[in-house]
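Notes follow the structure.
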Amino acid sequence: MTHRILILGGTTEARQLAGKLADRASVTLSLAGRTESPVAQGVPVRSGGFGGADGLAAYLRKEHIDLLIDATHPYAAQISANAAQAARMVGVPILALRRSGSELVEGDRWTLVDTPSDAVQALGPAPRRVFLALGRQEVAAFEASPQHHYLIRSVDRVEPPLAVPDAVYLLARGPFREAEERALLDEHRIDVVVSKNSGGEATYGKIAAARTLGIEVVMIRRPDLPDVPSAETVEALAAMVYHFVEPAADRGV
Ligand code: NAP
């Protein structure tokens, strides 16, 4: 019997996981549909919201999904909550890919905050040169402090641009290496970086670069996520899925 797996994605790891599982099961990858030109995913893709936990539960039933995998970004708290709830409603097993965040190391100058609005407050009243390495949904909060110079890097254009007098926009998709990040911070004379603690190598470059340059990082803490069986890496999660799709007896164990 071919198992039917739905992966909630939008991350590099979700795409890698889908590729790994594609020859063992029928895999569909789900994207929120917000990125204008997502990279090719290599498996069938569905796009757009489901309509909350109820909508996702209805989709799981209709498509006869046997296993739900939450491989969304660690800050995508709503879809992760919906996934846990929908899986419970339908009685479908759920696994999650939960990559760990970066740990503070010697030399880091982190100011921890809970939300983008708290990050705005943490910048203080005096004008600063700020690198916003955040999604376009999060940068809107910074209109509340128009006195700063902003360097804003995002995958999709920030549209409309921020209502602030001094902002420079960069369109780029990671991974970003430390040396490149250091050059960027230097070139724009940045004195504070605002970042999420996404974890993973692709986004760590700017954190390491800030440490080397002695620059403060205003770090937005991770949101709480539902407690479901999880793994930290694509390989470890794939191993859990193999156990699910090929029970021990079938593997001759
Ligand atoms: P979110 O706040 O948790 O989700 C908001 C709504 O978007 C969800 O309720 C759901 O709508 C829809 N949605 C989110 N992910 C979906 C998916 N994979 N497939 C179908 N619908 C999805 O999430 P977000 O922060 O807006 O992130 C959206 C997507 O971008 C996620 O897939 C995430 O992995 C990716 N991403 C997020 C970040 C980040 O920093 N947040 C960074 C990189 C990538 P319905 O309730 O209508 O189902």
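Some observations on this one:
- Once backbone amide H atoms are built at 1.01 Å from N, E216 has V193 as its partners under 5 Å, excluding neighbours fewer than 5 places away on the same chain.
- Whole-Hz couplings from phi, Karplus 6.51/-1.76/1.60, listed for segment 84-99; x for Gly and Pro: 4, 5, 5, 4, 5, 4, 8, x, 9, x, 10, 10, 10, 9, 10, 5
- Long-range HN-HN contacts of L112 with modeled amide H, under 5 Å: M219
- Distance from the C-alpha centroid of segment 178-253 to that of segment 20-54: 20 Å, rounded to the whole angstrom.
- FRET efficiency for the pair A179 and S47, taken as 1/(1 + (r/R0)^6) with r the Cβ-Cβ distance and R0 = 35 Å, rounds to 0.50.
- Whole-Hz ³J(HN,Hα) from phi, Karplus 6.51 cos²θ - 1.76 cosθ + 1.60, for segment 185-200, glycine and proline x: 5, 5, 4, 9, 6, 6, 10, 7, 10, 10, 9, 8, 8, 6, x, x
- The relative contact order of the chain comes to 21 percent, based on Cα pairs under 8 Å that sit 6 or more residues apart.
- Computed extension length for R4-D186: 60.6 nm, one decimal, from 0.36 nm per residue of separation with the Cα-Cα distance subtracted.
- E187, E180 arranged by Cβ crowding within 10 Å, fewest neighbours leading: E187, E180
- Net charge, A183 excluded, C-beta distance under 13 Å - Lys, Arg +1, Asp, Glu -1: -1
- Gained length - D156 relative to A140, 0.36 nm times residue gap less alpha-carbon distance: 4.4 nm
- Residue of S37, S198, S117 that the Gaussian network model of the chain assigns the largest fluctuation, springs spanning Cα pairs under 10 Å: S37
- Extension reserve of the D166-M89 stretch, reckoned as 0.36 nm per residue once the Cα distance is removed: 22.9 nm
- For a modelled paramagnetic label at S100, 7 Å from Cα along Cα-to-Cβ, the residues of segment 217-232 in reach, with backbone nitrogen under 19 Å, are 221-232.
Read-outs throughout are calculated quantities, based only on the coordinates presented, and are distinct from any laboratory measurement. Remember, it's a predicted structure, so these values are computed and weren't measured experimentally. We place every Cβ from the backbone using ideal geometry, glycine too, and count neighbours over all the protein chains shown.
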